[in-house]
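Everything below concerns the one structure shown next.
What follows draws every value from the coordinates through simple rules; no lab data is involved. None of the values given here were measured: they were computed from a predicted structure. Glycine gets a Cβ as well: all are built from the backbone with ideal geometry, and neighbour counts include every protein chain shown.
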Amino acid sequence: MLGQKDLEKIKKITREFFKKMCFEVEIKVKKPQDLTIPICLKTEEAKVLIGEGGQTLLDIQRLLKIILKRKILVEEQFYIDLDINAYKEKKIEYLKELAKSTADEVSLSRQEKTLAPMPAYERRIIHLELANRGDIASESVGQEPERSVKVRLHL
């Protein structure tokens, strides 16, 4: 189990990581949820760190996770969830709203609709949001990186 000392070390390593990249960041390491450690950053240069569609953020998260696993020697597996200026939080809300409005549109028009291609974690949010609707079904279609969500009436 990761203790308070480990969380402080994660904060320190994260600060050093961004300092070496010449970014001023405010870091908050939240209480772990299951095996995931939420790390929230605030910065003036969020656009550069998030990148188009959040791709740079995902790449930074992957790299930071590798560094942390090497420097924090604990036996159990852990993950990090890096968020910059609440980008992921806002993106999740947007995707949930997109799912609801698309489902309503499909329900009214009786015509299926395919959303724009998106990464697996975004498609998962759409599927989870629509899972409780009895009148609507969703499925992922296509091949990566052009995989998208098709929303249709539930038969």
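Looking across the stretch 11-41, the residues that are over 16 Å from Arg62 (Cα atoms), assigned to a loop (DSSP other than H, G, I, E, B) and in contact with a strand residue (DSSP E or B) (Cβ under 6 Å, 6 or more places away or on another chain) come down to Val25, Lys30. Number of residues in the stretch 3-37 that are among the aliphatic types (A, V, I, L, M) and touching a helix residue (DSSP H, G or I) at 6+ places or on another chain (Cβ under 8 Å) equals 6. Can you work out which of the residues in the stretch 137-155 that are more than 24 Å from Gly53 (Cβ to Cβ) and touching a strand residue (DSSP E or B) at 6+ places or on another chain (Cβ under 6 Å) is surrounded by the fewest Cβ atoms within 10 Å (Cβ to Cβ)? My answer is His154. Screening the stretch 42-155 for strands (runs of 3 or more DSSP E) wholly inside it with 3 or more residues that are within 30 Å of Glu8 (Cα to Cα) returns the ranges 79-84.
Within the stretch 69-85, does at least one residue satisfy the condition of being under 30 Å from Gly134 (Cα atoms) and not β-branched (Val, Ile, Thr)? For the stretch 69-85, residues under 30 Å from Gly134 (Cα atoms) and not β-branched (Val, Ile, Thr): absent. Within the stretch 113-132, being surrounded by fewer than 17 Cβ atoms within 10 Å (Cβ to Cβ) and over 20 Å from Glu52 (Cβ atoms) holds for Lys113, Thr114, Arg124, His127, Leu128, Ala131, Asn132.
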